[in-house]
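> Okay, handing you the structure first.
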Amino acid sequence: MRCWLHTEEMALEELMQRLNAVSQCTDEVMYQDIIPLYAADIHDQLKKQFAYLSGGRGENGCPVITFPDYPAFSEIPEKEFQNVLTYLTSIPSLRDARIGFILVIDRRQDKWTSVKASILRIAASFPGNLQLVLVLRPTGLFHRALSDIAFRFNKDEFKMKVPIIMLGSVSELQGYIDKTQLTEDLGGTLDYCHNRWLSRRTAIEGFAQKVKQTAQILQSFGTELAETELPNDVQSTSSLLATHTEKKDKMKEDIRLAVEQGDDILGSITKPVTENPEYKLNQDQLDNQTTVERLLAQLHETESAFDEFWIKHQQKLEQCLHLRNFEQNFREVKAALDIVSERLSAFTDVGNSCSHAEHILKDLANFEEKSCEIVAKARMLASEGDAFIQSNHYAVDSIIPKCSELHHLCDALATEMERRRNTLNKSLELHGLLEKTMRWCDEGIYLLASQPVDKCQSQDGAESALQEIEKFLDTGAGNKIELNKVYREYAHILNEDLKEHIEKVFQKQESMEEMFQKRQVSLKKLAAKQTRPVQPVAPRPEAFVKSPCTSPGLQRDCVSNTESGVLRKVNYRRGKSEMSELHQSRGGSTMDDEENLAVLRQHVMNELIETERAYVEELLCVLEGYAAEMDNPLMAHLISPELQNKKDILFGNMEEIYHFHNRIFLRELENYVEYPELVGRCFLDQMEDFQIYEKYCQNKPRSESLWRQFSDSVFFQECQRKLDHKLSLDSYLLKPVQRITKYQLLLKEMLKYSKNCEGAEDLQEALNSILGILKAVNDSMHQIAITGYDGNLNELGKLLMQGSFNVWTDHKKGHSKVKDLARFKPMQRHLFLHEKAVLFCKKREENGEGYEKAPSYSYKHSLNMAAVGITENVKGDAKKFEIWYNAREEVYIIQAPTPEVKATWVNEIRKVLTSQLQACREASQHRTLEHTQSLPLPASSCTSPSRNNIRNMKKMDERKADLTSLEGYVTTVAPKYPEKGKGWAKTSHSLDASEENDGWSSAEEPLNSSDAEEDGGGGGGGNEMKLTPGKYTVVTDYEKGVSEEFAVKGGDVVQLIREGEDGLWYVKNLTTGREGWIPANNLLMLIGNSKSAQSLSSSESGTASSTLSTSSSCSDSCNASSTSFSDIKG
């Protein structure tokens, strides 16, 4: 730095000296150091031409100044006269001026008195040396004579030290000055134009001033540059360099213009010679040429001196800029390396499984790949600093330590990265060994569980099983672990968790080996058991003495009887022993089955956790490798403008999904790794958070459309290349949709192996909840495609069902032809059932690919659920049901694709109407109670309307409980046209929701079926059969058990084993041997009213009618609550 400052000071000093010399030389050239007077300053005075310097010379080279005949000579102000003479005498060179001037005073047209005054004035004011004064006297005879006499007698009055010669003619003048040195007006041949002379003198002097000003400006600029302090940041240094460069360029342009100006002047001086080589320049012209050439030389010298200074100054600024860039990059790289080092130090986890260790290794590899850019940048920066040092940068002392630090940090990171990689590889090796041992143990348990107990009872079966076990144990050499060896070999990576895991694996290995030893002992006993023939045992002699037999024949019979008794006794003992062993083996088989299920549950749990980890990793990979790169300035040039700011559309709420799974769900799942049968509780606890998938799926069509537009983008290809993905981004955008559907499959598997476990109910509930979410997601995908609905769909309540149907209309109002046409020609409609309304839409298929091919739904009309009623069955078609509106003013006959779809819809609509009815009943009871409390007590209880009301309500509740217990299985047929007195014709009073405080109105009686009352004894609520354990015959098919594998068909014999919680019975199908849980309500339909399996199916009841309605307002039903409903019969 000091060396640079010293060099800069030397450069500035040299520049100042050279520029000062240029300024002095310019003054000397123009003689401005003696008389600082310019032609431009006295331009008007010179233009009067009362005196001029023609450029002529006398014999000794004396400059000739001519005073032409000027009538107003005496009127010239003294100041002007002095300035002109002073300027004219300053033009010739100093050498010529020292010789003296020759004055030619032309007064041929003047009078003697004027001549005398002119000579006296000139003599008194002439500032230079005089060599000779030549006066052309007046040409008139009188004035000539007078001048001769007067000059002779008054000669001393002129006070001139040089001779004054009075000439009478031009020819006499030529005797003193050569004709070629005289102008044409004096009879000479010298080419002279006063205006040309004046403009040339002005140009030369202006050029000289330009040269001098340029030198002075460069001198000031050089001082400014040298005195400027160097900035401490890149931006200021860059700005200063740009400012100085701009000023330098301007100075160079001024110099260039000045050189052009000098060249033009020089060209105008030498133009006559250029045009006519024989033309000779006069002395003044030669002097002008010399002056301009010297000025040009000084200008070039000025430019050269400044260029040399600028090169050094520019080098200083550029080195300063390089230093500031280096320092700024060093700070950024140093901070980035510190972050990399900090993040690398966070890789302390060695993993808890192979997949986890692989995941961490992959994270480390990704981290290393990303950090490689930073390390490469740091090494490049260090190389750049080394280059500065080699080029003798002025700040070497500052650069060297920074380069050393960068090299040290990069080497330290590389070393630590390698150490972490080796540690994780060692951990992966250990986990691989442990998992290999675990798989070996699981295979052993599978082997034990798969050996059939009944076949092992024979000698061959036992020996075969022994061979299998021994063959399996032979594979243990490469699969078993030695505790001390593992601790010794992997000591540097072991932590408490790993030690605990190793202990568990070792314990499992020991337990499995112990199980094998016990099985081997049992099998060896069975294999060693030989079937021996029974030998008759001879009785003791005393037995014959005591024998009552007297004859040999009788004796033989007695012996025979005794032998048979002994044989029976031996066989009994052997049979008892074998039965005992059989019971023990069966007990062992039950334990083996339970162990087998536990292994299966653990396998499902492992798959759940491993796939969850992989899923989280894939989400992170997409977010970091694609989404984050869309905000990376280095990748911005690869993103088309149409794709800018579209990240939220392309990725939806994937980041929210990732954070949920990474921070919450995955950690919760890992807590259940030892208790897989309880994992249902984990799903239930986080069920609300799974709603985020609905938002993702709703955005998926927009994301899919955007992807198709830009799938060929270079940006996506570059991201895929960096991630080394074989599949493109759209495959990963589908991962959340695939994952949410995967959960229900894993839960089904877990439930299949956990039927008798503690968490079975939670698993079933979790499965139902996940299926509900999938249904909600699917329904919402259809709902967002509805077009043309003016209102807010959210105000209609939760979307319960959606599907496509054939629809017929049968309205009371309208033209008969239209009604007939509507009756026989179905409309294709897509129905959306909400809590408060049902929407009828027309499905329109869209052209396109993927999600763009998804249909849209044009809204047609809707029905308010407050005024809707249903007829569950329509005669002639098991897939049809009716939705009617405003007391059958509008009737819609709905044909479902299958009877099952119809049953589902009818049940869901019944739930909506029943919930509205319940709300209405509660309001009615509340109003009745308030009304009763406000009245005096009645005299007789039998006449109390409130008790009547309560009895009726109790009766209706019983009927509702009885009939809704058969929900989904009571099949009734409605007549094609409603008859008087049937359905809800008497009590269906339609009322707009707006008339009753915007409330949803419902009828008082949810289900009215006259045929059902006749067949069931008028309500049947009190005759409901109570289920008890025992055997029953099934009368109808059933495929809706809690477990999807459990199903029964008509004619099967089932055994009711025990009653569980929530109205479920554990049932065994004696025909198929399968077992499962069935709701009690469903059992009533399956087995009938008694063990005789009387069918409760009403499909054979003929023309029964069932109608569910909520078309009456709450106020109407409450006011009519005392009316008996038993008269509403067919």
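The values are calculated or read from the model by the stated rules, or taken from the named source; none is laboratory data. Model, not experiment: these values are computed from the prediction. Reconstructed Cβ throughout: ideal geometry from the backbone, glycine too, with neighbour counts over all protein chains shown. Surface accessibility is based on the protein's heavy atoms, side chains included, excluding ligands, DNA and RNA. Shrake-Rupley method; radii C 1.70, N 1.55, O 1.52, S 1.80 Å.
> Go through segment 717-722 residue by residue and turn each phi into a ³J(HN,Hα) via Karplus (6.51, -1.76, 1.60, θ = phi - 60°); whole Hz please, and just put x for glycine and proline.
Calculated HN-Hα couplings, in order: 5, 5, 4, 5, 5, 4 Hz.
> If you don't mind, another one. Let's see if you can work this out: charge +1 on each Lys and Arg Cβ, -1 on each Asp and Glu Cβ, no other charges. What is the dipole magnitude of segment 289-363 about its Cα centre, in debye to the nearest 20?
120 debye
> Also, quick follow-up: How long is segment 693-743 along each principal axis, judged by its Cα atoms, biggest number first, in Å?
Answer, in whole Å and largest first: 32, 22, 11 Å.
> Which whole-Hz couplings ³J(HN,Hα) result when phi for each residue of segment 286-300 is put into the Karplus expression 6.51 cos²θ - 1.76 cosθ + 1.60, θ = phi - 60°, listed in order with x for Gly and Pro?
Karplus-based 3J(HN,Hα) across segment 286-300 equals 5, 5, 5, 4, 5, 4, 5, 5, 5, 5, 5, 4, 5, 5, 5 Hz.
> With a 1.4 Å probe and all protein chains kept in place, how much accessible area does Met801 have, in Å² rounded to the nearest 10?
Accessible surface of Met801 is approximately 20 Å².
> Quick one: which of Lys700/Lys775; Lys362/Lys480; Lys735/Lys775 span more than 21 angstrom between C-alpha atoms?
Lys362/Lys480
> While we're on this one: Which net charge results when you count Lys and Arg as +1 and Asp and Glu as -1 among the other residues whose beta-carbon is under 14 Å from that of Glu435?
-1
> Right, next: Please state the charge dipole magnitude for segment 403-522, taken about the Cα centre, from unit charges on C-beta atoms (+1 on K and R, -1 on D and E), reported in debye and rounded to the nearest 20.
Dipole about the Cα centre, nearest 20: 40 debye.
> Using 27 Å as the Cα-Cα cut-off, could you pick out the over-long pairs in Lys695/Lys742; Lys879/Lys1068; Lys798/Lys842; Lys79/Lys116?
Result: Lys879/Lys1068 exceed 27 Å.
> Would you pull out the residues with amide H under 5 Å of Met827's amide H, same chain only if 5 or more places away, H placed 1.01 Å from N?
It is Val807, Trp808, by chain and number.
> Using a 1.4 Å probe on the protein heavy atoms only, what accessible surface does Ile784 show? Give it in Å² to the nearest 10.
So the heavy atoms of Ile784 present about 90 Å² to solvent.
> Also, quick follow-up: Can you work out ³J(HN,Hα) from phi for every residue in segment 347-355, in order, using Karplus 6.51 cos²θ - 1.76 cosθ + 1.60 and θ = phi - 60°, giving whole Hz and x for Gly and Pro?
Once rounded to whole Hz, the list reads 7, 9, 6, 9, x, 10, 6, 4, 4.
> By accessible area of protein heavy atoms, probe 1.4 Å, what ranking do Leu669, Leu929 get, highest first?
Largest accessible area first, the residues go Leu929, Leu669.
> Send over the semi-axes of segment 427-535's equivalent ellipsoid, whole angstrom and largest first, taken as the square roots of 5 times the C-alpha gyration tensor eigenvalues.
Sorted largest first and rounded, they come to 37, 11, 10 Å.
> Going by accessible area, probe 1.4 Å, with all protein chains left in place, what is the ranking of Trp808, Trp905, largest first?
Largest accessible area first, the residues go Trp808, Trp905.
> According to the square roots a ≥ b ≥ c of the eigenvalues of the Cα gyration tensor, what is the shape class of segment 589-705, taking rounded for a/c under 1.5, prolate for a/b larger than b/c otherwise, and oblate for the remainder?
Cα axes put segment 589-705 in the prolate bin.
> Sorted by accessible area (1.4 Å probe), largest first, how do Cys682, Cys621 line up?
Final ranking, largest accessible area leading: Cys621, Cys682.
> Further question: Can you give the accessible area of Ile493 in Å² (nearest 10), computed on protein heavy atoms with a 1.4 Å probe?
Estimated to the nearest 10 Å², Ile493 gives 10 Å².
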